[in-house]
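Asks: Could you have a look at this structure, given as structure tokens, before my questions?
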Amino acid sequence: MRALVVHCHPREGSFTAAVRDTVVARLEAAGAEVRVSDLYARGFAPVLTGAEWEAYLDSPANAEAVARDVADLRWCDTLVFVYPTWWYGLPAALKGWLDRVLLPDVAFLMPDESHRDIRPALTHIRRLGVFTTCGASWWLTRWVGAPGRQTLLRGVGLLCAKPLRTAFAAHYSMDSSTPESRARHLARVGRAVDRLARRGRRAGVRRQEVPA
């Protein structure tokens, strides 16, 4: 198993960093090779430039500006996102990573004369994990529609292998969290990663989400 962990948080001592460390430790314990892409630590530029937009359909030149990230994406068979949910969605740095890295002929194939819609190009990715924190409650997040979760599990998941094994865990009401609730969540994340990495289990079935 080759796992790419995309981590997005501006502060190294954050609880999100503790989630990342739990994810990495459990993946390594399962025997995975792990690469961590820390977007803030790298200073990843999230803005799709005018020049990149002009070259968006020009493959493979469209991937030159993000060659490292594309190489990591093509290397992995397991893709994991660790980030805080801000305004119910993805932080700008992570959304920008999707904009700049999930390119035509990298993540998907464009429509053509024979195909009316895009087709997946990440079919080498067989496991997808999403681990986040939310300031809002479970009920409010779901009422809004959980757009961050939908973007990653449904949007990115659509481009991956079928069947696709997925894992999701969120600490809701993070602004009123306690040491006990955070410890419970790290344990929950560990169990979710163990299930994601386990061999021989039926794929394509997501763990039912319940309030933290």
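The values are calculated or read from the model by the stated rules, or taken from the named source; none is laboratory data. Because the structure is predicted, anything quoted here is derived from the model rather than measured. Here the Cβ is made from the backbone with ideal geometry for all residues, glycine too, and neighbour counts use every protein chain on show. To get the accessible areas, we keep the full protein, side chains included, count just its heavy atoms, and leave off ligands, DNA and RNA. Shrake-Rupley method; radii C 1.70, N 1.55, O 1.52, S 1.80 Å.
Asks: Average the reciprocal distances over every distinct pair of alpha-carbons in the chain, invert the result, and give the Kirkwood radius in Å.
Replies: Value: 17.7 Å, from the Cα pair sum.
Asks: At what distance in nm do the modelled label points of ARG191 and LEU57 sit from each other, each positioned 7 Å from its Cα along Cα→Cβ?
Replies: 4.9
Asks: Multiply the residue separation of ALA183 and ARG2 by 0.36 nm, subtract the distance between their alpha-carbon atoms, and state the gained length in nm to one decimal.
Replies: Numbers: separation 181, 0.36 × 181 = 65.16 nm, distance 2.71 nm.
Residue separation times 0.36 nm, minus the Cα-Cα distance, leaves 62.4 nm.
Asks: Stretch THR123-LEU109 to full length: gain in nm at 0.36 nm per residue minus the Cα-Cα span?
Replies: Values: separation 14, 0.36 × 14 = 5.04 nm, distance 1.16 nm.
Full extension from THR123 to LEU109 adds 3.9 nm.
Asks: While we're on this one: How long are the semi-axes of the ellipsoid equivalent to segment 115-182, from square roots of 5 times the Cα gyration tensor eigenvalues, in whole Å, largest first?
Replies: Working: eigenvalues 176, 41, 9 Å².
Ellipsoid half-lengths, sorted descending, are 30, 14, 7 Å.
Asks: If we count every other residue with Cβ under 14 angstrom of ASP58's Cβ, Lys/Arg +1 and Asp/Glu -1, where does the sum land?
Replies: Cβ neighbours under 14 Å give a net charge of -4.
Asks: What number comes out for accessible area per residue over segment 1-128 if the probe is 1.4 Å? Units Å², please.
Replies: I get 49 Å² per residue for this part.
Asks: Let me check the size of segment 5-99 from its C-alpha atoms; what are the radius of gyration and Dmax in Å?
Replies: For segment 5-99, the Cα-based Rg and Dmax read 14.5, 43 Å.
Asks: Let me ask something additional. Compute the distance in nm between two label points, each set 7 Å from the Cα along the Cα-to-Cβ direction, one at ALA25 and one at TYR40.
Replies: For the pair ALA25/TYR40, the computed spacing is 2.0 nm.
Asks: Quick one: pull the percent of accessible area on segment 53-212 belonging to carbon and sulfur, 1.4 Å probe, ligands and nucleic acids left out.
Replies: On segment 53-212, the fraction of accessible area on carbon and sulfur atoms equals 54 percent.
Asks: In deg cm²/dmol, rounded to 500, what helix-only [θ] at 222 nm does the chain give when every DSSP H run of at least 4 residues adds -39500 (n - 2.57) and the total is split over its residues? Walk me through the numbers before you get to the answer.
Replies: Working: 7 runs with 69 residues, N = 212.
Mean residue ellipticity, 222 nm, calculated: -9500 deg cm²/dmol.
Asks: Okay, moving on. In whole angstrom, note down how far apart the Cα centers of segment 105-166 and segment 21-99 are.
Replies: Measuring centre to centre over Cα atoms gives 14 Å.
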